[in-house]
Amino acid sequence: MDLQEYLAESRGLTEARAKGGMAGAWDIIGTSGDHDQCERCGKSNLKKCVVMQSRDHADESGEIYVGTRCAAILKGRGESSKSQAFMWKKAQEAQRDHAKASDMKTLKRITGSRFYKQLKIAAGSKGPDRSRVVTNSIDRMSRDTNMKPDEIRAYLSGRGWKGI
């Protein structure tokens, strides 16, 4: 099933859900600043775009980008401004939760590396070989975690590590 067929089918399901039959069969994934057009109603120049996924197509990449009004309708909450504000709040929460989960995955990858302890010791030392040992530890950690050395440095710097 290509994207156009999926969207056509989801719009048909949406109308049934909006009438009360299958309300709430959509999950809020997050927000998007990259899209400014609702894929459900076609409204353009959206200020707020909610990313949703159909539970019927959760195994596929069945994400759609909709405005807050259509998000409220898809969730079976009606079209009121209060419902739209609630949908936007839920979308922002979902986005934050996704970012936290991603951050935790990165943290586990780095701290799970067999070279993390060596890097931690080297970063805290003040000896003449400190820079070389830190660089070698990051390079080894890079191979161990399949991350780029700059990604590791940026992540650790963002968490308060100095001199990495």
Which ones in the range 9-38 are at pLDDT below 90, assigned to a loop (DSSP other than H, G, I, E, B) and either closer than 16 Å to GLY67 by Cα or touching a helix residue (DSSP H, G or I) at 6+ places or on another chain (Cβ under 8 Å) (or both)? MET22, ALA23, GLY24, ALA25, SER32, GLY33, ASP34, HIS35, ASP36
Residue pairs within 8 Å by beta carbon, gap of at least six or interchain, first lying in the range 93-114 and touching a residue at least 12 places away in the same chain (Cβ under 8 Å), second of a type in the set (Asp, Glu), listed first then second, are SER113/ASP144; ARG114/ASP144
When (1) in contact with a His (Cβ under 8 Å, 6 or more places away or on another chain); (2) without any contact (Cβ under 8 Å) to a residue 24 or more places away in the chain; (3) surrounded by 21 or more Cβ atoms within 10 Å (Cβ to Cβ) are applied to THR68, the one that fails is (1)
Only one of ILE152, ILE73, ILE138, ILE164 is closer than 30 Å to GLY42 by Cα and either buried (at least 16 other Cβ atoms within 10 Å of the Cβ) or not β-branched (Val, Ile, Thr) (or both). Can you tell me which? ILE73
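The values are calculated or read from the model by the stated rules, or taken from the named source; none is laboratory data. Since the model is a prediction, treat every value here as computed from it, not as a measurement. Every residue, glycine among them, receives a Cβ derived from its backbone with ideal geometry; neighbour counts consider all protein chains shown.
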